Amino acid sequence: MNALILAVAAILFSRLVSSDRIEPYRQHVVGLIEKATDTLPNSLRLPIIVGGAVTLGAIVAYMPVVGVAVTFCTLALIIQYGQVTEDSKSILTELRSGSFSQAQIKLTGFSGTDASQLDENGVTRITVETQILKLAEKVFTPLAWFALGGLPGILLYWTSTVIAQRQGSGGTSERWVSLLNWVPIRLMALTLGFMGDYERARATWTRHASEFSDPEAGVLIAATAGALRVKLGGSRCVQGMIQQEPMAGDGDDAARYHIEETQSLAERSLLLWAVAALVITAI
């Protein structure tokens, strides 16, 4: 029960407190991990950094007062629900105000995609895709590992992703993170389906997910396309290179309101996870 209360509190905290106030602390911790990572050879990065974080988390978690405080602070740093919401809503605000060029600029920062040549459909489509992928990375998957392993579990996942994103960490770190993502991403996709159009989500997921260059992203994008009855996928430009992905979904073209619908779908999915956690705890 304490873990559920802490997780809900961290999500609410991320919504109520501006991400600009949290980000400096998060970047400081990430910087410390990256600095420690750079001093180690690739073969030792995962066992020492991740193993050390998990061991420390396991020790701290059993301290009566300190454990609760440290767990909440860790969740507050890792769970970025508010930031993803703010970024996607700011793009929607620019679109509604007629500042299309500003929406393109903000989307570039949000997604890493060169949005300068996109039309409104392209901007909304990639906003929806980025929104759901970032929610998986920064909210749902960390919460899944927290539910499974408490403080050690979420530290296992988060430190692994920080190391994998560090240049020069090699393919082993990426494969390890893909393994950690496998179950949570599919659980999230299943939840999105339940909270949207389940039959379309299941059919689109089955038909198109494996066609994407990144199968994990394909699972989420395809499930979201079906759940929202919208067309997602297609081309995007990243670092001057055109990435062509399959079109998933047989619904409407992406429009402004789909950004809000994605947010609503995520909120309902989080609520379902909370209810499921409450039921499991009560049993």
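Name the residues whose placed amide hydrogens come within less than 5 Å of the amide hydrogen of residue 233, ignoring near sequence neighbours (fewer than 5 apart) on the same chain.
248
Which value in nm describes the separation of the simple spin-label points at residue 210 and residue 56, placed 7 Å from the Cα toward the beta carbon?
With each label point 7 Å from Cα toward Cβ, the separation is 4.2 nm.
Would you work out the charge dipole size for the chain about its Cα centre, treating the Cβ of every Lys and Arg as +1 and the Cβ of every Asp and Glu as -1, and quote it to the nearest 20 debye?
With only Lys, Arg, Asp and Glu charged at Cβ, the dipole is about 560 debye.
What shape does the range 21-67 take by its C-alpha gyration tensor, where a ≥ b ≥ c are the square roots of the eigenvalues and a/c under 1.5 counts as rounded, a/b above b/c as prolate, and the rest as oblate?
It comes out oblate by the Cα gyration axes.
Want the number for residue 105 to residue 23: 0.36 nm per residue separation, take away the alpha-carbon distance, what's left?
Here the segment from residue 105 to residue 23 would lengthen by 27.5 nm.
Give the angle, between 0 and 90 degrees and rounded to the nearest 10, that separates the Cα long axis of helix 256-282 from the longest principal axis of the Cα atoms of the chain.
Roughly 30 degrees, rounded to the nearest 10.
Can you order the peptides 96-108, 144-156 by their average number of other Cβ atoms within 10 Å per residue, highest first?
Going by the mean number of other Cβ atoms within 10 Å, highest first, we get 144-156, 96-108.
Could you bin all the Cα-Cα distances of the range 87-184 into 10 Å bins starting at 0 and give me the percent of pairs in each, rounded to whole numbers?
Spelled out per bin, shortest first, that is 15, 35, 26, 20, 3.
If you find the alpha carbon centre of the range 249-283 and of the range 186-218, how far apart are they in angstrom?
Comparing the Cα centres of the range 249-283 and the range 186-218, I get a distance of 13 Å.
So, in the range 2-282, how many Lys pairs have Cα atoms under 21 Å apart, if the pair is 8 or more places apart or on different chains?
Lysine pairs satisfying the spacing and distance rule in the range 2-282 number 7.
Assigning unit charges at the beta carbon (Lys, Arg +1; Asp, Glu -1) and nothing else, what dipole magnitude in debye, to the nearest 20, does the range 87-221 show about its Cα centre?
Approximately 300 debye in magnitude.
Among 224, 124, 57, whose Cα sits farthest toward the positive end of the charge dipole of the chain (+1 at Cβ of Lys/Arg, -1 at Cβ of Asp/Glu, about the Cα centre)?
About the Cα centre, the residue reaching furthest to the positive side is 57.
Here, each number is a calculation from the coordinates, and none is a lab measurement. This one's a predicted model, so the numbers in the text were calculated from it and none came from an experiment. Neighbour counts run over all protein chains shown; Cβ positions are idealised from the backbone, glycine included.
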